[in-house]
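The values are calculated or read from the model by the stated rules, or taken from the named source; none is laboratory data. Quantities reported herein were computed from a predicted structural model and do not represent experimental measurements. Cβ sites come from the backbone with ideal geometry, for glycine too, and all protein chains shown count toward neighbours. Accessible surface areas use protein heavy atoms only, side chains included; no ligands, DNA or RNA. Shrake-Rupley method; radii C 1.70, N 1.55, O 1.52, S 1.80 Å.
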Amino acid sequence: MIENSQVEVTTSTDREVSSRAIIKKHVLISMGVGAVPIPIVDVAAVTGVQLSMISKLAKLHGVQFAEDLGKSLLAALVGGVGSKALVTSFLGSAIKAIPVVGSAIGAVTFPAFAGATTYAVGKVFDKHFAQGGTMLDFKPADVKEYFSEELDKGKEVVSNITTTVKKPFTSRKAGRDPEPDAI
C-alpha cells in the first residue's frame, strides 16, 4: 500500500513539473510572437500559442481537448474575466501601427503582456484540469480572482525573464568579460 501512494506522489510531481515546463515554454513563445511588428497578427499568434498550451495541459491531465470550445473558453476567460487585460492587449498591439515610436513601444510592452497573460491562462487551466475539471465544466467567472492573481504573478515571471535575458548584454564592462553569473 505504501508503494502505491509513492507511485501516485511521483506521478503527481512529474505532472506538476511537466505542467510548469509546458507553461514556461508557451510563455516564452508568446513573448516571441508578441514582438511581431504587425498589429492584430500578434494577438492572433498569441491566442494560437495559448490554445496550444491548453491542449498540451489537457493531454497531460487526460482531458479531452476541443479547439472550438478552447477558443470560446479562452475568449471568455481573457475577454470576460480579464477585460482590462484584453483592452491592454489590443492597445499594446494597436500602438505598433504608429510609425517608428509605436513599433518601439509595442515591441517592448506587448510581448511582456502576452507572456503574463499566457502564464495566467496556463495556471488557471492547469489548476482546473488537476482538480478533475474538463473543458465542458470550465466556468471563467468562477476563476476570475485566481486569474487576476496569476496575471500579477505572470508579470513578475516575465520581468524575471527579461532581466535574465538582458543581464548578459548589460553586465559587460568595456574591455572586460561578463561576470560569471551573468552567463
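What ³J(HN,Hα) values, in whole Hz, does the Karplus curve 6.51 cos²θ - 1.76 cosθ + 1.60 give for region 28-44 when θ = phi - 60°, with x put for Gly and Pro?
4, 5, 4, 5, x, 6, x, 7, 4, x, 9, x, 6, 4, 4, 5, 4
Which whole-number value in Å² is the accessible area per residue of region 31-77, probe 1.4 Å?
47 Å²
Listed highest first by mean packing, meaning other Cβ atoms within 10 Å per residue, what order do 113-120, 47-54, 124-131 come in?
113-120, 47-54, 124-131
Quick one: pull the percent of accessible area on region 10-59 belonging to carbon and sulfur, 1.4 Å probe, ligands and nucleic acids left out.
For region 10-59, the apolar C and S fraction of the accessible surface comes to 66 percent.
What order, most packed first, do the peptides 60-68, 146-154 have when packing is the mean number of other Cβ atoms within 10 Å of each residue?
Per-residue mean Cβ counts within 10 Å order the peptides as 146-154, 60-68.
Across region 119-127, in residue order, what do the Karplus-derived ³J(HN,Hα) couplings come to in whole Hz, using 6.51 cos²θ - 1.76 cosθ + 1.60 with θ = phi - 60° and x for Gly and Pro?
So the Karplus estimates, Gly and Pro as x, are 4, 5, 4, x, 4, 5, 5, 4, 4 Hz.
Can you tell me the FRET efficiency between D152 and A76 if r is taken as the Cβ-Cβ distance and R0 is 30 Å, rounded to the nearest 0.05?
Step by step, r from the Cβ atoms, then E = 0.90.
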